[in-house]
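Worksheet: one structure, shown below.
The values are calculated or read from the model by the stated rules, or taken from the named source; none is laboratory data. The structure presented is a predicted model; accordingly, all values stated were derived computationally and were not measured. With ideal geometry, Cβ positions are generated from the backbone for all residues, glycine too; neighbour counts draw on all protein chains shown. Please note that ligands, DNA and RNA were not included when accessible areas were found on the heavy atoms of the full protein model with its side chains. Shrake-Rupley method; radii C 1.70, N 1.55, O 1.52, S 1.80 Å.
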Amino acid sequence: MKRIKMGCTTLSIPAMALGIMRMNQKSVPEAQVAIQAAYDAGINFIDSADIYGGGKSEEIFGQAFSQMQIKREEMFIQSKTGIVPGKRYDFSKEHILHSVDEILERMQLDYLDSLVLHRPDALMDPEEVAEAFDQLQAAGKVRFFGVSNFDTAQFKLLQSCLSQRLMFNQLQFSLKHTGMIDFGMHMNMVDKPSVDRDSQFLDYARLHKVTVQAWSPFQYGMFEGTFIDNDGFPKLNQELQKLADKYEVGKNAIAAAWILCHPANIQMLVGSMNPQHIRDSAKGAKIRLTRQEWYDLYLAAGNYLP
Ligand SMILES: NC(=O)c1ccc[n+]([C@@H]2O[C@H](COP(=O)([O-])OP(=O)(O)OC[C@H]3O[C@@H](n4cnc5c(N)ncnc54)[C@H](OP(=O)(O)O)[C@@H]3O)[C@@H](O)[C@H]2O)c1
């Protein structure tokens, strides 16, 4: 597995993580098969959130992982907090601290390697968040911190009050969700792709050594389904198949390679619970697409160049 530097540190992490958002739909043995498939492929990084399956994903993970042979320190385990579904976003100190205790209990862990704030809370008080982070770190409950779906100004604002460097920002990015790079190529134009909805975060991350974690790498829309083998995307699937044949892998590997070949050292979060799809995705980390192949995929996904 390709390894990348975590944020501004010299620590190395795998370029792929296993996201457990969908683990609530699996039995404990099925979850163990998925975790083992990922681990054997070099994916020793888990991404979770307190809200996945209403907490059930973390419960299943806890039951599964605690019975496996993988040592705790060999797996980087991250979770997220800050969303109270249907009610509010909540970055209050009280909510963050309480949520971490619940995460640790559900996942049967003594500490999290990383805690990520899930979606910007309009009422965020950075100093209050800083107190929560300091307390969690001092108690040995969380080692590193990050954010998710933050724009550049929100990221800078929070960072300015923290004693820790933020390591991650999780953003949606895939062949069917390319806003983070479209506007750069449509710079100074008036067409739709020229609109920057991501506040140039990818460039900011490269300049300031923040690891961007790409969520939903095989989905179109927001959880509408996968574009892989989907009749709604014939051109893209034709191109994926052509390259899958060339590199002797499956389509997941090519879609993964497309993300990992971007020079920003993105870490992608694979959400599959199917061991074959996990293994195939991992193969993508070894593929070096040519520049033309990368652009051919981008265009086949329905994008255009000015
Ligand atoms: N920060 C955020 O706001 C945010 C939002 C969403 C997600 N996330 C994180 O990102 C992770 C990944 O998200 P995701 O699960 O949406 O991403 P994903 O990996 O793009 O999608 C996984 C889904 O696609 C299916 N799939 C993958 N390859 C397939 C294939 N070849 N054929 C048929 N189905 C295929 C999987 O089914 P199988 O299981 O059958 O393979 C699964 O249902 C989550 O687990 C979570 O950790 C973060």
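At what distance in angstrom do the alpha carbon centres of the stretch 110-128 and the stretch 132-178 lie from each other?
7 Å
Largest first and in whole Å, give the semi-axes of the stretch 122-260's equivalent ellipsoid, each being the square root of 5 times a Cα gyration tensor eigenvalue.
34, 19, 13
Given the stretch 1-49, what whole percent of its Cα pairs are spread farther than 17 Å? Could you put the intermediate results ahead of the total?
Values: 464 of 1176 pairs.
Taking all Cα-Cα pairs of the stretch 1-49, the fraction more than 17 Å apart is 39 percent.
For Lys246 and Asp40, compute 0.36 nm times the residue count separating them, minus their Cα-Cα distance, and round to one decimal in nm.
Details: separation 206, 0.36 × 206 = 74.16 nm, distance 2.46 nm.
Working it through step by step, the gained length comes to 71.7 nm.
With each label point set 7 Å from Cα along the Cα-Cβ vector, what nm distance links Arg197 and Lys87?
The modelled label-to-label distance comes out at 2.9 nm.
Would you kindly compute the Cα radius of gyration of the stretch 24-158 and its largest Cα-Cα separation (Dmax), both in Å?
Over the stretch 24-158's Cα set, Rg and Dmax evaluate to 15.1, 43 Å.
Keeping every protein chain present and rolling a 1.4 Å probe, give me the accessible area per residue for the chain in Å².
Here the residues of the chain average 45 Å² of exposed surface.
In the Gaussian network model of the chain, springs joining C-alpha atoms below 10 Å, which of Pro85, Pro217, Pro275 carries the largest mean-square fluctuation?
Largest GNM mean-square fluctuation: Pro85.
Which is farthest toward the positive dipole end of the chain among Ser92, Met16, Ser27, measuring Cα position about the Cα centre, with Cβ charges +1 (Lys, Arg) and -1 (Asp, Glu)?
The one lying farthest along the dipole's positive direction is Met16.
With the Cα gyration tensor of the stretch 181-306 in hand, convert its eigenvalues to equivalent ellipsoid semi-axes via √(5λ) and list them largest first in whole Å. Don't skip to the end; give the middle numbers.
On the way: eigenvalues 113, 64, 42 Å².
Over the Cα atoms of the stretch 181-306, the semi-axes work out to 24, 18, 15 Å.
In Å and from the alpha-carbon atoms only, list the Rg and Dmax of the stretch 5-101.
So, for the stretch 5-101, Rg and Dmax equal 14.4, 39 Å respectively.
If you wrap the stretch 96-139's Cα atoms in a convex hull and average its projection over all directions, what's the area in nm²?
It is 3.3 nm².
At q = 0.17, 0.24, 0.25 Å⁻¹, what base-10 log of I(q)/I(0) does the Debye formula yield for the stretch 43-95 when every alpha carbon is treated as an equal point scatterer in vacuo?
-0.63, -0.97, -1.01
With unit charges on the beta carbon (Lys/Arg positive, Asp/Glu negative), name the residue among Val210, Gln172, His277 whose Cα is farthest towards the positive pole of the charge dipole of the stretch 149-306.
It is Val210, whose Cα lies furthest towards the positive end.
Give or take rounding to whole Å, what are the principal axis extents of the alpha carbon atoms in the stretch 194-244, in descending order?
39, 23, 22
Need the C-alpha centroid separation for the stretch 181-207 versus the stretch 234-306, integer Å.
Cα centroid of the stretch 181-207 versus Cα centroid of the stretch 234-306: 22 Å apart.
If you consider only alpha-carbon coordinates, what radius of gyration and Dmax does the chain have, in Å?
Values for the chain (Cα only, Rg and Dmax): 18.9, 56 Å.
Can you list the residues of the stretch 230-265 with backbone N under 11 Å from a point 7 Å past the Cα of Trp294, pointing along Cα to Cβ?
It comes to 258-265, nothing else.
State the percentage of accessible surface on the chain attributable to carbon and sulfur atoms; use a 1.4 Å probe and exclude ligands, DNA and RNA.
49 percent
Taking the Cα centre of the chain as the origin, how large is its charge dipole in debye, to the nearest 20, when only Lys and Arg (+1) and Asp and Glu (-1) carry charge on their Cβ atoms?
Approximately 840 debye in magnitude.
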